[in-house]
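Visitor: My structure is below; once you've seen it, I'll send some questions.
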Amino acid sequence: MKEYWTSLASLLGVLAFCQSLMNSVFPPELRYASLKLVNRFFQLFSSFCYFDITEIDGVNTNELYNAVQLYLSSSSVSSSNRLSLTRALNSSSITFGLSNNDSIVDTFNSATVLWEHIVTQRQTQTFAWRPMPEEKRGFTLRIKKKDKSLILDSYLDHIVEKADEIRRRNQDRLLYTNSRGGGGGLDSRGLPWESVPFKHPSTFETLAMDPVKKREIMEDLKDFAECQSFYQRTGRAWKRGYLLYGPPGTGKSSMIAAMANYLGYDIYDLELTEVKSNSELRKLLMKTSSKSIIVIEDIDCSINLTNRGKKFNEPEMTLTGSGLGDESGNGNGNTITLSGLLNFTDGLWSCCGSERIFVFTTNHIEKLDPALLRSGRMDMHVYMSYCTFPSLKILLRNYLGYEEGDLSDDVLKELEGVVEKAEITPADVSEVLIKNRRDKERAVRELLEDLKRRAERNENKGESRGQNGSLTVADDVEEQEKRALDSPYAEEEEEIEDSICKISED
């Protein structure tokens, strides 16, 4: 046994001598360079190449790292046994991600890639202007060399687009309003917009509107959101305008909420009475984000067209309720001009940002200037009508749970025969149904009585359309829109806009 320990001690001494000799002949720097050279030699015969995406790029956060993390969350649920769970600020859902030092396989255009999440301890920092996280995180992407061009050209862009989509879907939508004082007024964070979470439950499924018209609007919105390449190819700004007009209580605000929920966009509710000048209007536009809906409600009550009326010797059109003075700067200090509003919706400044929708609402389309109505500014005019029979059935389903066939044919025929003659708004129908929602039969009975009473009153007053050879409601609406578009101003629109610009400069 003693000889055994003596031999072991001699062997350890020889190993220690060889190690010291190795350190003298081959210092650590030389060994590191040799290993690097050998590794590079073997890489020449390897069919794979590797890319590192670190969490911190210098002192800044690497956005590509966050995009990869979100992208992999969509496929990691079904292919990984161990996941990390996160919930971001202003997010309504939980995001799944790769755990530390875990890997996942992904496929793109028949190319297979391997993602590995590498987490290591960061070396102790002696001094740094910005403290760094204790852990060093990053993703390593392994791909075949033959797929390198495909991955770098398309795959990374696909990851960023998919991550933006996931982020928008998970994040709660916001409702913005401009701070008091317009572009000059700032909130506590120094921004001209204040926001609250947008929780409006309106959807196209619950919206009381003609199903054919509803489907047309949904297809138009979907076509707009998915056709970025079309707008780029045709040289058009990626934006679209909608004009919602009709009597009060017909669901214009609900339509805006349904559009936002359908597309997943934020809403910017622009209050023109808080904006002092055209320049502040432009600043507000610059601070809006892409994928958003910019709303100006009751546009006919928000701007004064006094100077425009004077040019054609027309009586002054002073719209009350706006608090805005005329274009010369008189009034309460607000100097927003028609020219500034037109440039806001269709000028050069309207192109700062992309995928934005402008929505104007009005109860009186005939009061609007034809320059606001033309295509390119308000591309789609949507009439929010009185309650029709199809929209009435939607309201009965929403509030009472009645489906097709739950009501008798006689009751349906009575409702169908009086609903359009009654000229009742969806808001008035909703109030009757809400009040009696616990007694469905009573709700239908009172609604039918109310419709008959309104229809009879309209007939007695001579207000019922479609009789005595007068115009129907639909014809009357078309006539109002035609009068607005065929105004004397429309024929000389370019000349008028030039004159308005000159007035603004003076």
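The values are calculated or read from the model by the stated rules, or taken from the named source; none is laboratory data. None of the values given here were measured: they were computed from a predicted structure. A quick note on method: Cβ atoms are made from the backbone with ideal geometry, for glycine too, and the neighbour counts reach across all protein chains shown. Accessible surface areas use protein heavy atoms only, side chains included; no ligands, DNA or RNA. Shrake-Rupley method; radii C 1.70, N 1.55, O 1.52, S 1.80 Å.
Visitor: Could you work out the equivalent-ellipsoid semi-axes for segment 389-464, taking the square root of 5 times each eigenvalue of the Cα gyration tensor, largest first, in whole Å?
Guide: 21, 13, 11
Visitor: Can you give me the C-alpha center-to-center distance between segment 351-391 and segment 212-278, rounded to a whole angstrom?
Guide: 9 Å
Visitor: How would His117, His381, His200 line up by accessible area, probe 1.4 Å, largest first?
Guide: His200, His381, His117
Visitor: Here is a follow-up. Would you list, by chain and number, the lysines whose Cα falls below 30 Å from the Cα of Lys36, excluding same-chain residues fewer than 8 positions away?
Guide: Leaving aside lysines fewer than 8 places away in the same chain, those within reach of Lys36 are Lys136, Lys144, Lys145, Lys146, Lys148.
Visitor: Distances over 24 Å make up what percent of all Cα-Cα pairs in segment 200-298?
Guide: Roughly 30 percent, once rounded to a whole number.
Visitor: Test of understanding: what is the full-extension gain from Cys352 to Arg233, defined as 0.36 nm times their sequence separation minus their Cα-Cα distance? Please report the intermediate quantities before stating the final value.
Guide: Numbers: separation 119, 0.36 × 119 = 42.84 nm, distance 1.78 nm.
In short, 41.1 nm is gained.
Visitor: Through the Karplus equation 6.51 cos²θ - 1.76 cosθ + 1.60, θ set to phi - 60°, convert the phi angles of segment 432-446 into ³J(HN,Hα) values in whole Hz; use x for Gly and Pro.
Guide: 5, 6, 5, 4, 10, 5, 7, 10, 4, 5, 5, 4, 5, 5, 5
Visitor: Tell me, what is the per residue accessible area of segment 389-464 in Å², probe radius 1.4 Å? Don't skip to the answer; put the middle values down first.
Guide: Details: 4440 Å² over 76 residues.
Accessible surface, normalised per residue, equals 58 Å².
Visitor: Another question about this same structure. Straight-line reach from Lys452: which lysines have a Cα under 26 Å away, not including same-chain ones fewer than 8 places off?
Guide: Correct list for Lys452: Lys252, Lys393, Lys413, Lys421, Lys435, Lys440, Lys461.
Visitor: How would you order 232-240, 284-292, 340-348 from highest to lowest mean count of nearby Cβ atoms within 10 Å?
Guide: Per-residue mean Cβ counts within 10 Å order the peptides as 340-348, 284-292, 232-240.
Visitor: Among Arg215, Arg454, what's the order by accessible area (1.4 angstrom probe), most exposed first?
Guide: Working: Arg215 125, Arg454 50 Å².
Output order, biggest surface exposure first: Arg215, Arg454.
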